[in-house]
Ligand SMILES: [Zn+2]
């Protein structure tokens, strides 16, 4: 099997501003070790990646890494949600998409302006759909009650998606719903799914459920949170039926000491670059019996299409030869933080897939 793992890498890889959790060197190794040759970096960096620093970041990438790193730029100025960023300038500089990832754009006006511009610029608006976290570390349900923790309702996700879809229809803009975690959001995108309105999910949402949090392991704390078995099944079905077109990582490196703070106090998100492909093959191909070609297009040609990257994502004449060779039957086990060295190049080696075989 050979193909280019052209997909989205979401979240804070914290360059510039904070290079402790990840830098271009570590993210390159992490990506390549997982068979990933292209990534889309999110702007939730410190300072936020916008038209002001895009050019210098692109220069730095060209000098420091062989990985294809594409950039998204903010929707709102400095990701503060107060006024619209300069999308036109960012597009001119090479931004492939716009998002305030990590936060939802609360202002209806800003979202309207952004979606209108997206049609003119022919670039997508990516939306992290979540009204708020309500300071709740995990899903609202059986497990949050058992652990006596505040829970995050699914409504916080699907209400946000509902509003953005409505605006996208009204404005004719390009909307892409990020990291869907629940069946209700799928019911919404199912009705409107088209070239202009697309969606994604991540391997953790079709591999795990809130039950993986029962022992309080913060490596399963992500945003939006892991949901229920019904949601997991709905996500796999939506992938199969084409209502979700992209699988991405939502790769979010944090310091080990930060993740050790427990469910309530640790930050949301963990790494996913190294396991994106393996987890997808394991879960969707081996267990769910999905057509491998369908799985692959969600990490290769579909993201390239979304980001208007014309020469990547397919093995064809005229396309870049970004190739990963994979044995889909070769088994490897993510054992623990400390035995990951050979496979995990992320600086802090915290993975939700540790001891995955035992958990599964
Ligand atoms: Zn996000």
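Any read-out appearing in this document is the output of simple, stated calculations on the displayed coordinates, not a laboratory observation. Just so you know, these numbers come straight off a predicted model, no measurement behind them. We place every Cβ from the backbone using ideal geometry, glycine too, and count neighbours over all the protein chains shown.
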Checklist outcome for this item: Residues 104, 332 in order from fewest to most other beta-carbon atoms within 10 Å are 332, 104
Checklist outcome for this item: The base-10 log of I(q)/I(0) that the Debye equation returns for segment 167-262 at q = 0.11, 0.17, 0.22 Å⁻¹, one scatterer per C-alpha, is -0.37, -0.76, -1.06
Checklist entry - How big is segment 249-292 by Rg and Dmax over its Cα atoms, in Å? => result 14.2, 40
Next on the checklist: With N set to the number of residues, divide the alpha-carbon radius of gyration of segment 19-93 by 2.2 N^0.38 Å and report two decimals.
Outcome noted: 1.15
Item to check | Least to most buried among 132, 112, 274, 331 (fewest other Cβ within 10 Å first) | outcome: 331, 132, 112, 274
Next on the checklist: Rounded to whole Å, give me the distance from the Cα center of segment 79-120 to that of segment 218-282.
Outcome noted: 25
Checklist entry - In what sequence, highest mean first, do 57-65, 198-206 appear when ranked by Cβ atoms within 10 angstrom? => result 198-206, 57-65
Checklist entry - If you count the DSSP beta bridges with both ends in the chain, what percent of them are antiparallel, to the nearest 5? => result 15
Checklist entry - Top mean-square fluctuation among 83, 127, 33, Gaussian network model of the chain, C-alpha springs under 10 Å? => result 83
Checklist outcome for this item: Dividing the helical contributions, -39500 (n - 2.57) per DSSP H run of n ≥ 4, by the residues of the chain yields a 222 nm value, nearest 500 deg cm²/dmol, of -9000 deg cm²/dmol
Next on the checklist: Connecting C-alpha atoms closer than 10 Å in a GNM of the chain, tell me which of 46, 219, 148 has the biggest fluctuation.
Outcome noted: 148
Checklist entry - Counting DSSP beta bridges in segment 27-181, what percent are antiparallel, to the nearest 5? => result 5
Checklist entry - In angstroms, what radius of gyration and Dmax does segment 143-218 have, counting Cα atoms only? => result 14.9, 45
Checklist outcome for this item: Per the 1/(1 + (r/R0)^6) rule, R0 = 30 Å and r from the Cβ atoms of residue 195 and residue 133, FRET efficiency to 0.05 is 0.45
Next on the checklist: Please compute the Kirkwood hydrodynamic radius over the chain, one decimal place, Å, based on all pairs of different Cα atoms.
Outcome noted: 20.1
Checklist entry - Which of 312, 29, 78 comes first, and how do the rest follow, when ranked by fewest Cβ neighbours within 10 Å? => result 78, 29, 312
Checklist entry - Separation between the residue 187 and residue 162 pseudo-spin-labels, each 7 Å from Cα along Cα→Cβ, expressed in nm? => result 1.0
